[in-house]
């Protein structure tokens, strides 16, 4: 799946998955197409802290960081409420993932 290249991201913290993996979480603040202010990226932290551990099964096994590209939404291609994110491994290789959420 192709995605807007993330140019700048804000580190938000680290989560522990149910299997005990430590994964850094971040939010994109600039892509090829748009910019997001840091204060808005920070607001994504609580949802990511819940969604990453709950969706460990969709992450590639070598994931070391998950960066949110889009906040909680649904789309024509995925009707579930989800966060569109990019999972990175330690080589910087990336894959787009949808992290299912419980809409408030």
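The values are calculated or read from the model by the stated rules, or taken from the named source; none is laboratory data. This is a predicted model, so every value here is computed, not measured. As a convention, Cβ positions derive from the backbone with ideal geometry for all residues, glycine included, and neighbour counts pool all protein chains shown.
Just checking, does region 77-97 include any residue being within 19 Å of residue 17 (Cβ to Cβ), modelled with pLDDT of 90 or more, assigned to a helix (DSSP H, G or I) and within 10 Å of the chain's Cα centre (by Cα)? Scanning region 77-97, I find no residue that is within 19 Å of residue 17 (Cβ to Cβ), modelled with pLDDT of 90 or more, assigned to a helix (DSSP H, G or I) and within 10 Å of the chain's Cα centre (by Cα), so the answer is no.
Quick grid of which residues meet (1) surrounded by fewer than 17 Cβ atoms within 10 Å (Cβ to Cβ); (2) closer than 19 Å to residue 4 by Cα; (3) touching a residue at least 12 places away in the same chain (Cβ under 8 Å):
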{"residue": "32", "(1), (2), (3)": "yes, yes, yes"}
{"residue": "52", "(1), (2), (3)": "no, no, yes"}
{"residue": "62", "(1), (2), (3)": "yes, no, yes"}
{"residue": "89", "(1), (2), (3)": "yes, yes, yes"}
{"residue": "92", "(1), (2), (3)": "yes, yes, no"}
{"residue": "95", "(1), (2), (3)": "yes, yes, yes"}
{"residue": "101", "(1), (2), (3)": "no, no, yes"}
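Here residue 14 meets each of (1) free of Cβ contacts under 8 Å to residues at least 12 places away in the same chain; (2) outside any strand (DSSP E or B); (3) within 20 Å of residue 95 (Cβ to Cβ) with one exception, condition (2).
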